[in-house]
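The values are calculated or read from the model by the stated rules, or taken from the named source; none is laboratory data. All values derive from a computational prediction rather than experimental measurement. Heads up, the Cβs are rebuilt from the backbone with ideal geometry, glycines too, and the neighbour counts pull from every protein chain shown. Side chains included, ligands, DNA and RNA excluded: accessible areas come from the protein's heavy atoms. Shrake-Rupley method; radii C 1.70, N 1.55, O 1.52, S 1.80 Å.
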Amino acid sequence: MAQTARSRRTTAALAALSIGILALTACNGDAENDVATPGTHASPSATATDEGTDTPSSADPGGGGSGKSSGSPSTPPSSPKPGADDDQDGGVGMCETADLTYNVTVASRPVNHALLTAANKGSDPCLLSANELVITIPGLDGAAGHMGPDGKDWILKPGESAYAGIMFSRADTAGGKSADKVEVALAASESPTTVPVNDGPITVNDSQVTSFFGTAEDALTY
């Protein structure tokens, strides 16, 4: 009976030892599985790197550029050339005598001079011939001679004026004819228009006239 009891205790101890060995083996296996399978979950550093990295797009080769085109800017249109409006081939007709209004006034200086002002009274510009002006004195033969330099033809806009100086008497010439009007034509081929002389009459003995100029000061220089 005593031997039987010892056998039972021995068997129980062996059984307990076996269970302990099995439990230890199971724990070691779990630990080995944890060590043998690293990286099954993405590391925090790798995830942050992937989420914080911008991939350059094909529209922005520089990766950090503004996306604006790097092409050359378009060339601005060239500015018009000065004097282009004065082109005689631009469809502007010649000024005719009837297209303008005229005023003749005796000048205070120089003496024996009058100022002719011609203004475009129409609604369209016209090309004024500066050097073909014809001035005659009713009752006197011939037209006034030319004095001073030649002027330049230019387009006379609506309401714009041109000026010419008329010398009607020479200080070293005695006598003359009294006149209170002159005849004006823009060319010898045109019929003249009669213009009264303001602050007249004048004594005419050797009349001369300048070309048309853009200012009264230029016209009365000669």
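Restricting attention to region 203-222, report how many residues are open to solvent by less than 10 Å² (accessible area, probe 1.4 Å) and closer than 16 Å to R109 by Cα.
Residues of region 203-222 that are open to solvent by less than 10 Å² (accessible area, probe 1.4 Å), as a first pass: 204, 209-212, 219.
Still in the running and closer than 16 Å to R109 by Cα: 209-210, 219.
So the count comes out to 3.
Show the residue pairs meeting these rules: Cβ distance below 9 Å; 6+ apart or different chains; first residue within region 138-165 and modelled with pLDDT under 95; second residue basic (K, R).
Correct list of pairs: P138/K181; G139/K177; L140/K177.
What is the residue count in region 166-195 for residues that are of a type in the set (A, V, I, L, M, F, W, C) and open to solvent by 70 Å² or more (accessible area, probe 1.4 Å)?
3
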